[in-house]
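One structure is given here, and the rest of the page talks about it.
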Amino acid sequence: MPVKYMDNNDRIREVRQTKIRIVVAVVLAVAAVLIITAVVRGRKADAVTAADLAKENVTGTNAGDVSKGIAFLEEKEAVSTQSIENKIRAQEASDQSEQRDQILSDLENGSGDIWSLFSDAVILGDSRAMGFSTFEYLPTDRVFASTGDTVDQMEQYFDQISTLNPSVIFVCYGMNDILKQLNPDGATIASLFRDELSKLRQAAPEAKIYVNSILPASAAGQADQPSLSVVPDVNAALKQMTQEEGYGWIDCDGIVSEHQDMYDEDGVHFVTDFYPIWAKQMMLQVYAPEGEASDGGSTGDAADSQESTDTGGTDTGSEDVSAENVNGTSGE
């Protein structure tokens, strides 16, 4: 399952508080045992003759135990809750960093199963996002997408998403939003996304939301749909909006430009082998160290090919998606 440390402040805070309570409880329990032991020994000493006390020096031993118990309590009381929390936070950060580094290493060299990282994630989108389930890479209960969908139509999935309570949500809209606008521009589309993502955040407050840049159409696709020429401007506006609102941004321009041969015949959709590449780009961003962002560049052809083979993504034929989705992409 994907690591759940990402911006999941409530869960992290709950874990920390639980650990603190456990540490404090253990400290008090040990101290109580020491004090009880000292008291019991003291009572036993009352039944011993004065001669025995003098002979065995029991009184001194009991006094020493009590003194040690009190000193132990005072020492532990001096340890602040903040100090304990700082140690827990440092250990969590170290563990998360090691796990993140291992995941990034696996992604870069093509080892492991890319799709297992999506076990606590969901994808929202249009016909192009449908390929993740259509090509059997991800189960249908993790991909909420329909032909022709625009960003405002994701509200129909909010109840299901709230029930799943995922750690990560990937948003893959924009193509139909552009095609359905009479005069599409970056500011208009970005405003639509801002409003809908705010609602999504309310429906899934614990999830980290990532917005995929709109995958550009090929030259042939743009020739058929001239309005798609505004995709770069819209992406620039969307990126700025995500930065302002605190959403993650996934730049897909690089992987699309490097894999022009993976367009479907319509120049808008993509063949099955593109999806492991796209999935990898998403996860590279999710697990990128804080302050670093994926540049949308090469994800490694050899690694991607291996991932596609290992995960058993079945090529059902690009026509499967193309035939039913071309009209949807044009918003019809």
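Could you please let me know if Leu192 is among the hydrophobic types (A, V, I, L, M, F, W, C) and under 23 Å from Tyr287 (Cα atoms)? Talk me through it step by step, then tell me what you get.
Working: among the hydrophobic types (A, V, I, L, M, F, W, C): yes; under 23 Å from Tyr287 (Cα atoms): no.
No: the conditions fail for Leu192.
Looking only at segment 133-155, count how many residues are among the β-branched types (Val, Ile, Thr), under 22 Å from Asn165 (Cβ atoms), assigned to a helix (DSSP H, G or I) and in contact (Cβ under 8 Å) with a residue 12 or more places away in the chain. Let's see the steps before the verdict.
So the first thing to find is which residues in segment 133-155 are among the β-branched types (Val, Ile, Thr), and the list is 134, 140, 143, 147, 150-151.
Next cut, under 22 Å from Asn165 (Cβ atoms) only: 140, 143, 151.
This time we only want the ones that are assigned to a helix (DSSP H, G or I), so: 140, 151.
Now drop any that are not in contact (Cβ under 8 Å) with a residue 12 or more places away in the chain, which leaves 151.
Of the residues in that region, 1 qualify.
Give just the number: which of (1) open to solvent by 10 Å² or more (accessible area, probe 1.4 Å); (2) among the small types (Gly, Ala, Ser); (3) modelled with pLDDT of 95 or more; (4) in contact with an Asp or Glu (Cβ under 6 Å, 6 or more places away or on another chain) does Ser213 not satisfy?
For Ser213, the failing item is (1).
What's the total number of residues in segment 244-285 that are in a helix (DSSP H, G or I) and open to solvent by 10 Å² or more (accessible area, probe 1.4 Å)?
Applying the first criterion (in a helix (DSSP H, G or I)) to segment 244-285 yields 244-245, 253-258, 260-262, 274-285.
Still in the list and also open to solvent by 10 Å² or more (accessible area, probe 1.4 Å): 244-245, 253-254, 257-258, 260-262, 284-285.
So the count comes out to 11.
Working carefully through the options Ala129, Ala187, Ala204, Ala121, find the one that is over 19 Å from the mean Cα position of the chain (by Cα) and either among the hydrophobic types (A, V, I, L, M, F, W, C) or buried (at least 23 other Cβ atoms within 10 Å of the Cβ) (or both). Steps first, please.
Details: Ala129 fails: over 19 Å from the mean Cα position of the chain (by Cα); Ala204 fails: over 19 Å from the mean Cα position of the chain (by Cα); Ala121 fails: over 19 Å from the mean Cα position of the chain (by Cα).
When all the criteria are applied, what remains is Ala187.
The values are calculated or read from the model by the stated rules, or taken from the named source; none is laboratory data. Given the structure is predicted, the values throughout are model-derived calculations rather than measurements. A quick note on method: Cβ atoms are made from the backbone with ideal geometry, for glycine too, and the neighbour counts reach across all protein chains shown. The accessibility values were calculated without ligands, DNA or RNA, using every heavy atom of the protein model including side chains. Shrake-Rupley method; radii C 1.70, N 1.55, O 1.52, S 1.80 Å.
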